[in-house]
1. Looking only at region 1-31, filter to residues that are farther than 15 Å from Q277 by Cβ and in a strand (DSSP E or B); which one of those is modelled with the highest pLDDT?
2. Can you confirm whether Y306 is on the phi < 0 side of the Ramachandran plot, among the hydroxyl-bearing types (S, T, Y), within 15 Å of the chain's Cα centre (by Cα) and crowded, with 21+ Cβ neighbours inside 10 Å?
3. Considering every residue within region 280-299, establish whether at least one is assigned to a loop (DSSP other than H, G, I, E, B), modelled with pLDDT under 95, crowded, with 20+ Cβ neighbours inside 10 Å and on the phi > 0 side of the Ramachandran plot.
4. Take the conditions out of contact with any Asp or Glu (no Cβ under 9 Å at 6 or more places or on another chain) and not acidic (D, E) and apply them to N146. Does it pass?
5. Does region 196-206 contain at least one residue that is modelled with pLDDT of 95 or more, buried (at least 24 other Cβ atoms within 10 Å of the Cβ) and within 14 Å of the chain's Cα centre (by Cα)?
6. Among the residues of region 142-181, which ones are polar (S, T, N, Q) and in contact with a His (Cβ under 9 Å, 6 or more places away or on another chain)?
7. Anything in region 223-255 that is of a type in the set (G, A, S) and either closer than 17 Å to S286 by Cα or over 17 Å from the mean Cα position of the chain (by Cα) (or both)? List them, or say none.
8. Go through Y294, Y235 for me and flag whichever is over 22 Å from P174 (Cα atoms), of a type in the set (F, W, Y) and either touching a Pro at 6+ places or on another chain (Cβ under 8 Å) or in contact (Cβ under 8 Å) with a residue 40 or more places away in the chain (or both).
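The values are calculated or read from the model by the stated rules, or taken from the named source; none is laboratory data. Here the structure is a predicted model, which is why all the values come from computation and not from measurement. Cβ placement follows ideal geometry from the backbone for every residue including glycine, while neighbour counts extend to all protein chains displayed.
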Amino acid sequence: MVCALVSLSLSLILFQDSNAENFQYPVKAQILIEGFKGSEGIAFNGEGHLFITANKALWRIDPDGTKHLVAELFSNLGMASIGERDLLVADFGPTNAFRHGKNHDGIIWQITPEGEKKQLVVGIGDPNFILMLKNGSFLVSDDATNEIFLCDRKGQFELFCTAVNHPNGLALSPDGASLYVAQIFQGIKPVVPDNRIWSVKLIDNRPAAAAKLATRTGPGGANDGLVMDRRGRVYIAANNEGRVWRFDPSNDELIVIAEGMFGAASIAFGEGDFDPQSLYITTTNSRDRGGKLYVVKTDAFGLPTYR
C-alpha cells in the first residue's frame, strides 16, 4: 500500500513555516560527517532513518554521525524510500556512458535496512535520480541522455519524457501539475556543465507540454539534486558551485541558501530524529573536498514524502 509520511498533517501545508520573517540567508552549513571519497544519494525511510550512498555502497547515518555499512554497490547515485523500510538505489552498473559509451546495464536496487537487495529495475543505461509519485510508481532520470523513465513496483519501465537534455534532479510541485528537472550537463564528451532548471507541465501524471525554462543558477552550476518545500519552492544543489539555491516559481525569486559545500549533490529535509527544518546535503568528490554530509538550517518544511 502506498503511503505518504505525514509527520505533519497535509492540511498544514497551507500554513506559514515558522521563523520565516527573521530568517537570514545564506546560512553557514555544518558538517555532520566526512571521510568518504564521495557521496551522492540521500533518503529517509519510513522509519525516519537516514541513508546515503557513498564509496560505492549504501550507508545508514545516525543523528550523531555514526556510519553503518548496509550494502555494496557498483556506484553511488540517487535514491528514494519505498514502503515503510526499504530504499530504492540507482546504480550505473558495471559500465557507464561517461567511460564506456552507451549501455543498458544500469540497475535500480531495492534494499532493506539489513542489506538484503534485489534488482528491481534493469535496463536503464545510467540511472541517477529517483522520484516517488503519489500513485506508487516512480521516475528515474538518466543523466547521460535526455531520458526520464516511469517505473512500476514490478520492475517494468517505459519512456516518460525526453524534454530535457542530461536530466538529473527531479521535484514535483505540491499540486502535482509541474515536474521540475535539473539539467546537469550540456554534453558529456567532453563533460560540459549546465545551470538550467526546467519545468514540465503534467496532466494525470503525464507530460502535457514542452519543457519550459524555469530559472538558471550561477555559471557552470552542474545542477544536481532537487527537493521541494511545502510552499512549492525548489531547492537546487549546484554541484560545481558548492551552493544550494532556492527558486520560488510563484515570483521567480532565486536566492542562495548556503555555500561552501563543494560538490553539493543530493538534498533532503530531515525526518525522524533529524531536524525537519534542516536540509541534509551530500557532496561528491568535486575538487577532492567532497564526501561530506552537510546540515543547513532553513525556515521551511519539506513536502510529505511518497512511499
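1. The qualifying residue modelled with the highest pLDDT is I31.
2. The answer is no for Y306.
3. yes
4. The answer is yes for N146.
5. Yes, region 196-206 has at least one match.
6. T145, N146
7. G225, A237, A238, G242, S250, listed by residue number.
8. It is Y294.
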